[in-house]
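Novice: Dropping a structure here in structure tokens format, bear with me for questions.
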Amino acid sequence: MHHMTASGGSVKETLKRGGETRDVGLSLPDGWRKVSDIHWRVSSWEFRRMGLGGMKAEDMSDADRRKAGLSTTQLAMHLAHVGQYGDHAVAKRAGFQKGDIISAWDGLTDRMTESEFLAYGAQQKKSGDLIKATILRGGKRMELRMTLP
């Protein structure tokens, strides 16, 4: 299974094209799993359910951070979508709303990409874990708690 390939490892494959067979290799750099952008993948919606309670959170631009009074180095995830049904509505039931800005998540306060945010939820959290979050809504700071599905 290629997703089990070690960091800094390589993958060898045999390709068949036009009746010819050819062996090829791909070298993977250290940390290759962390540099991939996964937020656009359809499979990311399951990560959003498991690790984010059904939210789509986007890293804010530096300009939008300045408007909100936030630094360029701190966590500032803008909620572009909050799921509405079933296990994808866990965040909604916990009080999260579209437009909220997450500035702290489970003790994390450093800036992350959307993919890093998704990966943290998928790799570090499990069903039943309690997440404590600090959000900004309408310029006011609020604390929310959510138990992952």
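Bear in mind these aren't lab numbers, they're just calculated from the coordinates by the rules spelled out. Computed from a predicted model, the values in this text were never measured in an experiment. Methodologically, a virtual Cβ is constructed for each residue, glycine included, from the backbone with ideal geometry; neighbour enumeration extends over all protein chains shown.
Novice: Of all the Cα-Cα pairs you can form in the range 37-147, what percent are over 19 Å apart?
Specialist: 37
Novice: Could you sort 73-82, 57-66 so that the peptide with the highest average Cβ count within 10 Å comes first and the rest follow in order?
Specialist: My ranking of the peptides, most packed first, is 73-82, 57-66.
Novice: Give, as ranges by residue number, the residues of the range 64-106 whose backbone N falls under 13 Å from the point 7 Å along Cα→Cβ of residue 132.
Specialist: Answer for this model: 104-106.
Novice: May I ask you to list the aspartates and glutamates whose Cα is less than 17 Å away from that of residue 56, ignoring any residue fewer than eight positions away on the same chain?
Specialist: Reachable aspartates and glutamates: 37, 46, 87, 100, 106, 114, 116.
Novice: Can I ask one more? Report the gain in length on full extension from residue 10 to residue 113: 0.36 nm times residue separation, minus Cα-Cα distance, nm rounded to one decimal.
Specialist: Values: separation 103, 0.36 × 103 = 37.08 nm, distance 2.61 nm.
34.5 nm is the gain from fully extending residue 10 to residue 113.
Novice: Follow-up question, since we're still on this one. Going through the cross-link list 98/126; 67/132; 12/125; 16/125; 12/126; 98/125, which pairs have a Cα-Cα distance over 30 Å in this structure?
Specialist: In this structure, 12/125; 16/125; 12/126 lie more than 30 Å apart at Cα.
Novice: Students often check this: by mean Cβ neighbours within 10 Å, which of 115-121, 98-104, 13-19 ranks highest, and how do the rest follow?
Specialist: Working: 115-121: 20.6, 98-104: 17.9, 13-19: 7.3.
Ranking, from highest mean packing down: 115-121, 98-104, 13-19.
Novice: If a paramagnetic tag sat 7 Å from the Cα of residue 142 along the Cα-Cβ line, which residues of the range 96-133 would have the backbone N under 19 Å from that point?
Specialist: 96-107, 131-133
Novice: Go through 57, 76, 138 and say which Cα lies farthest out towards the positive end of the charge dipole of the range 37-147; charges sit on Cβ, +1 for Lys and Arg, -1 for Asp and Glu.
Specialist: 138
Novice: When only alpha-carbon atoms are used, what values of Rg and Dmax, in angstrom, describe the range 101-148?
Specialist: Final numbers for Rg and Dmax: 11.1, 31 Å.
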